[in-house]
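Worksheet for the structure shown next.
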2 protein chains.
Amino acid sequence: MALPKSIQSAATQIQPFIRKTPLIHSKAFSELTGADVWFKLESFQVTGSFKARGATNKLLSLADEEKANGVVSASTGNHGAAVAYAAGKLGIDCTIYVPDDVSAAKLENMKQFGAKIEVHGDDCIKAEAKAREVSEESGKIYISPYNDPFVMAGQGTIGVEIESQCQGLDAIIISVGGGGLIGGTASYLKSVWPEINMIGCSPENSAVMIHSIKAGRVLALESKPTLSDGTAGGVEKDSITFPICQTVIDESVLVTEDEIKQAMILYIEKEHQLLEGAAGTAVAALVKKKDDLKGKRVGVVICGGNISLDTIRELLK
Amino acid sequence: MALPKSIQSAATQIQPFIRKTPLIHSKAFSELTGADVWFKLESFQVTGSFKARGATNKLLSLADEEKANGVVSASTGNHGAAVAYAAGKLGIDCTIYVPDDVSAAKLENMKQFGAKIEVHGDDCIKAEAKAREVSEESGKIYISPYNDPFVMAGQGTIGVEIESQCQGLDAIIISVGGGGLIGGTASYLKSVWPEINMIGCSPENSAVMIHSIKAGRVLALESKPTLSDGTAGGVEKDSITFPICQTVIDESVLVTEDEIKQAMILYIEKEHQLLEGAAGTAVAALVKKKDDLKGKRVGVVICGGNISLDTIRELLK
């Protein structure tokens, strides 16, 4: 099934489990940029990030036997909470592997959805390796955060909603990590609005997909710490998101940590809403590209709102 | 026309100009309290507070000649922004009187909706007196923040939405200032769910309506400073909201400044959303009354989200 079609079908499937999030016109950012700015508020999604869409679509796609077997995943953040949420809703047994330095707040977030947590290793890579090992031994399906057609189709349902919420957009700005969010959303929106300019953005400190697109192959690059922890990290060598991102991303923007920070403060000040660093990356790209966007209708995906009190404190210091 | 009927009619009238805000189930606050907690997010309303509802309904009710004459109001906060917003939408000339110590952020907020601002006097009472004087001299209608049946009916449209968004509530907690929000919302909800327990709350530092209900007459009481600036201040002696609040408020809760502060931090931490002090008052009342609310379906109106960066900084210090 072509991706836009499978995204449409995902939108119908997951609808009982997720929120149709608001697309709001921002007067403040429109005045600030000279563009007509629309924010898609996934900060408002169940679990506080778009990841609930992909995880729900993936778990719904499993055969009854696979559902009965249970699933495993690895994540300290939004994907872990999303898998835990969807598994809870669908009555699927679920174990999330996390490294031993996971924050108490993130653990609590995953536990509240009823997931079993296994602490393994001292970083995310080891926790993920363990989850994959358990998956192979037990036959429990491993739920990837982005390298999966059902996960990507689920994230793309944001595009289906945006289509129904406005009269069209000239450009849309989406943060890029593993490429599931932009791959799905862009594939759908380009199928209905072929002229839309798809702008992918990442922090300079971790922009593996964007550098890989420029190189024409998936690069193994180290990442530096970034406020945009939701997009940070590597891309799997054979990720299905890579050729799709190559096709759908028209333009890319890299932003510095200070640009992300300033954009987050500006958004909190003007919109009176919270956002996490990965969403701040998209707002920073909007501000950075404003001269090119004047007079255009621009969507910006606020991909999540899961920010800790400590990070807010740090931002506003 | 009976109030519930005029509220229903208001809901239809204002619908093109305001947002139907989400009513979301809070897992975190449900676990924390043992109740089944639903937040009605007026923090998400256009202008960031419920006040847009009442102001829009009032301006829509004016005769063509009155609309052509223009309106005046006085406010440094949410009501001023709401009148400015509604006037802008309806093409009505609008002047807002503000005291000379108004913050730059609040001024900017009102100006962005196209209102004319007149600075007059060194406090809100003088600014309001001036607005009323101009109203009498010029024939421009003065838009009261609460003492007006159309304003109260507009605020009550929150009840119409809540009715359509859940299966019923056993109790609802609403912050009380002039009484427009609780008067309208409670009147409507009691007409459809007669058994609902209506809990009004105010900061100890400024609880004029609640003390007045206890005394059986509107009291002239001084207010101390409070985080809940949106509810603070006196109640007009002849306010139409007073007899209605006497009838519909079943129970009242007073909260301290520290309780408001802790509730705001807790809400930001658990919900990853911002709220202003008046909404923090309702969350504080929920926490304070939790032993009485166990096992019940409880709505809490998050009446606004207009919080400044400085106040967030102060909270998280």
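The values are calculated or read from the model by the stated rules, or taken from the named source; none is laboratory data. These figures come from a predicted structure and were not determined experimentally. Note: ideal-geometry Cβ built from the backbone for every residue, glycine included; neighbour counts use all protein chains shown. Heads up: the accessible areas ignore ligands, DNA and RNA and are worked out on the full protein's heavy atoms, side chains in. Shrake-Rupley method; radii C 1.70, N 1.55, O 1.52, S 1.80 Å.
Antiparallel beta bridges, as assigned by DSSP with both residues in segment A:1-114, represent about 50 percent of the total such bridges. Scalar couplings 3J(HN,Hα) for segment A:295-308, obtained by applying the Karplus form with A = 6.51, B = -1.76, C = 1.60 to θ = phi - 60°, are x, 9, 8, 10, x, 10, 8, 7, 6, x, x, 7, 10, 8 Hz; x denotes Gly and Pro. Classify segment A:127-175 as rounded, prolate or oblate from the Cα gyration tensor: take a ≥ b ≥ c as the square roots of its eigenvalues, call it rounded if a/c is under 1.5, otherwise prolate when a/b beats b/c and oblate if not. It is prolate, given that a/c is not under 1.5 and a/b is the larger ratio. Cα-based count: Lys pairs in segment A:203-302 below 21 Å, eight or more positions apart or different chains? The result is 16.
When the alpha carbon gyration tensor of segment A:134-211 is reduced to an equivalent ellipsoid, its three semi-axes come out at 27, 17, 8 angstrom, largest first.
The phi-based Karplus calculation (6.51 cos²θ - 1.76 cosθ + 1.60; θ = phi - 60°) puts the 3J(HN,Hα) values of segment B:274-283 at 8, 8, 9, x, 5, 6, x, 4, 5, 5 Hz, whole numbers, x for Gly and Pro. Surface composition of segment B:51-143: carbon and sulfur atoms hold 46% of the protein heavy-atom accessible area at a 1.4 Å probe.
With all projection directions averaged, the alpha carbon convex hull of segment A:243-308 covers 5.4 nm². Taking amide H atoms as placed 1.01 Å from N in the peptide plane, the amide H of B:ARG297 lies under 5 Å from those of B:ASP36, B:ASP170, B:ALA171, each 5 or more residues away in sequence or on another chain.
For A:ALA63, the distances from its label point to the matching points in the remaining copies are 7.6 nm, ordered from shortest, with each point set 7 Å beyond Cα toward Cβ. With its label point put 7 Å out from Cα toward Cβ, B:GLN246 sits 7.7 nm from the same residue's point in the other copies, in order from shortest. The heavy atoms of A:ARG132 present about 80 square angstrom of accessible area, all protein chains included, probe 1.4 Å.
Around the amide H of A:GLY304, modelled in the peptide plane, lie the amide H atoms of A:SER43, A:GLU276, A:ALA279, all under 5 Å away and 5 or more residues distant in sequence or on another chain. Quotient of the Cα radius of gyration of segment B:107-146 and 2.2 N^0.38 Å, N being its number of residues: 1.23.
Rolling a 1.4 Å sphere over the protein heavy atoms, what is the accessible area per residue of the protein assembly as shown, to the nearest Å²?
39 Å²
From the Kirkwood radius over Cα pairs of segment A:1-93, Stokes-Einstein at 20 °C and 1.002 mPa s returns a whole-number translational diffusion coefficient of 144 µm²/s. Scaled to the globular estimate 2.2 N^0.38 Å, the Cα spread of segment B:51-143, given as radius of gyration, is 0.97. Number of Lys pairs in segment A:51-143 with C-alpha atoms less than 20 angstrom apart, excluding same-chain neighbours closer than eight positions? Close lysine pairs found across segment A:51-143: 27.
Once you have a ≥ b ≥ c as the square roots of the Cα gyration tensor eigenvalues for segment B:22-66, tell me rounded if a/c is under 1.5, and otherwise prolate or oblate according to whether a/b is larger than b/c. Prolate. When every Cα-Cα distance of segment B:156-302 is counted in 10 angstrom steps from zero, the calculated P(r) takes the values 13, 43, 36, 8, 0 percent.
Helix A:3-14 and the long axis of chain A differ in direction by around 70°, with both axes built from C-alpha atoms. Between chain B and chain A, roughly 2300 Å² of accessible surface gets buried, counting both sides and using a 1.4 Å probe. Going from the chain on its own to the full set of protein chains, segment B:269-317 has these residues losing 10 Å² or more of accessible surface (heavy atoms, 1.4 Å probe, no ligands, DNA or RNA): B:GLU269, B:LYS270, B:HIS272, B:GLN273, B:LEU274, B:GLY305, B:ASN306, B:ILE307, B:LEU309, B:ILE312, B:ARG313, B:LEU316. Of the Cα atoms belonging to chain A, the radius of gyration and Dmax stand at 18.2, 56 Å. Geometric descriptor of the protein assembly as shown, per residue, is 150 Å³ (volume of the convex hull of the Cα atoms). Note on A:THR12 and A:GLU269: their simple-model spin labels are 4.7 nm apart, each label 7 Å out from Cα toward Cβ. What would the Debye formula give as log10 I(q)/I(0) at q = 0.13, 0.24, 0.30, 0.31 Å⁻¹ for the alpha-carbon point model of segment B:172-222, no solvent? Calculated log10 I(q)/I(0) at the listed q: -0.32, -0.92, -1.16, -1.19.
Distances between copies of B:ALA105, taken at a point 7 Å out from Cα along the Cα→Cβ vector and listed shortest first: 2.0 nm.
Of the residues B:ALA127, B:THR95, B:ALA285, the one whose Cα sits farthest towards the positive end of the charge dipole of chain B is B:ALA285 (charges of +1 on Lys and Arg Cβ, -1 on Asp and Glu Cβ, taken about the Cα centre).
Extension gain, B:LEU309-B:ASP250: 0.36 nm per intervening residue step, less the Cα-Cα distance, totals 17.7 nm.
Heavy-atom accessible area for B:TRP38, with the other protein chains in place and a 1.4 Å probe, reaches approximately 60 Å².
Multiplying the residue separation of B:GLU65 and B:GLN167 by 0.36 nm and subtracting their alpha-carbon distance yields 32.4 nm.
What is the magnitude of the charge dipole of segment A:51-143 about its Cα centre, with +1 placed on the Cβ of each Lys and Arg, -1 on the Cβ of each Asp and Glu, and no other charges, expressed in debye to the nearest 20? All intermediate terms of the calculation are to be shown ahead of the outcome.
Working: 12 positive and 14 negative charges, 93 e Å.
In debye, rounded to 20, segment A:51-143 gives about 440.
Seen from every direction in turn and averaged, the convex hull around the alpha carbons of segment B:197-264 projects onto 4.6 nm².
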